[in-house]
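Written out below as structure tokens is the structure these notes cover.
The values are calculated or read from the model by the stated rules, or taken from the named source; none is laboratory data. Predicted, not measured: the structure shown is a model, and the values here were computed from it. Cβ placement follows ideal geometry from the backbone for every residue including glycine, while neighbour counts extend to all protein chains displayed.
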Amino acid sequence: MEGREEIKGSKPSFPLTFWELAVASTMVFGIVLGLVGVYLTMPASDYSFLKLPRNLEDLQILRDNLESYTSDYTVQVLVGYCAVYIFMQTFMIPGTVFMSLLAGALFGVFKGVALVVFTATAGASSCYFLSKLIGRPLVFSLWPDKWLKEGRDC
């Protein structure tokens with residue numbers, strides 16, 4: 001692998017380089033910081049209804065509570081929606097189907113479709129980036145014999 005020097009017959013103690021770990025940590029920290037920032041900038045309200053929808057009934061309750069909130073605080077809801085959707089896509093958390101339906105219910109069909117396309121693309125791209133950055137070195141270090149046996153090039 002590029003940038004990795006190994007002594008023949010020895011296993012590295014940690015499969016990620018400093019830069020891979022730094023970039024991955026920065027990305028995760030940035031997403032978490034964005035979610036916390038969105039939460040802290042939301043105006044005071046009753047947040048007992050605020051949870052990730054897991055079925056259509058949860059989605060209906062969330063939509064009913066967020067409709068008036070969305071008209072008053074459009075930017076905060078939009079940024080919060082994007083941050084949550086990208087977070088869910090990046091770390092492959094189930095529920096983005098309901099989030100997509102929620103976008104249409106809150107912002108209308110055309111704006112909702114554009115929003116879902118943007119957030120799904122951003123989340124899937126960041127998931128791919130993290131998987132390539134972290135996954136490849138981890139898999140190679142866990143199963144080096146398989147990679148060498150099949151003659152794959154990293």
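Please name all residue pairs, on different chains or six or more residues apart, with Cβ atoms under 8 Å, provided the first residue is in the range 133-146 and is surrounded by 13 or more Cβ atoms within 10 Å (Cβ to Cβ) and the second residue is at pLDDT 80 or above and not aliphatic (A, V, I, L, M).
Short answer, once both residue conditions are applied: LEU133/GLU20; ILE134/GLU20; PRO137/THR17; PRO137/GLU20.
Given (1) touching a Pro at 6+ places or on another chain (Cβ under 9 Å); (2) over 18 Å from TYR47 (Cβ atoms), where does PHE118 come up short, assuming only one miss?
Against the list (1) touching a Pro at 6+ places or on another chain (Cβ under 9 Å); (2) over 18 Å from TYR47 (Cβ atoms), PHE118 comes up short only on (1).
How do the pairs read when you match residues in the range 63-81 that are closer than 16 Å to LEU101 by Cβ and in contact (Cβ under 8 Å) with a residue 12 or more places away in the chain with residues anywhere that are charged (D, E, K, R) and assigned to a helix (DSSP H, G or I), using Cβ under 6 Å and keeping only pairs 6 or more apart or on different chains?
none
Would you mind finding the one in PHE129, PHE91, PHE87 that is surrounded by fewer than 17 Cβ atoms within 10 Å (Cβ to Cβ), under 20 Å from ALA24 (Cβ atoms) and in contact (Cβ under 8 Å) with a residue 40 or more places away in the chain?
On inspection, the qualifying residue turns out to be PHE129.
So, in the range 53-81, how many residues would count as being within 19 Å of the chain's Cα centre (by Cα) and loosely packed, with under 15 Cβ neighbours inside 10 Å? Spell out how you get there, then give the answer.
Initially, the range 53-81 is screened for residues within 19 Å of the chain's Cα centre (by Cα), giving 53-54, 76-81.
From what's left, loosely packed, with under 15 Cβ neighbours inside 10 Å: 54.
Within the range 53-81, residues that are within 19 Å of the chain's Cα centre (by Cα) and loosely packed, with under 15 Cβ neighbours inside 10 Å number 1.
Step by step: first the residues of the range 95-112, then only those that are aliphatic (A, V, I, L, M) and out of contact with any Ser or Thr (no Cβ under 9 Å at 6 or more places or on another chain), then the one that is surrounded by the most Cβ atoms within 10 Å (Cβ to Cβ). Which residue is that?
Only one residue fits best here, namely LEU102.
Scan the range 102-125 residue by residue and report those that are more than 23 Å from LYS51 (Cβ to Cβ) and assigned to a helix (DSSP H, G or I).
Within the range 102-125, the subset more than 23 Å from LYS51 (Cβ to Cβ) is 108-111, 113-114, 117-118, 121, 124-125.
Answer for the range 102-125, where residues must be more than 23 Å from LYS51 (Cβ to Cβ) and assigned to a helix (DSSP H, G or I): VAL109, PHE110, LYS111, VAL113, ALA114, VAL117, PHE118, THR121, ALA124, SER125.
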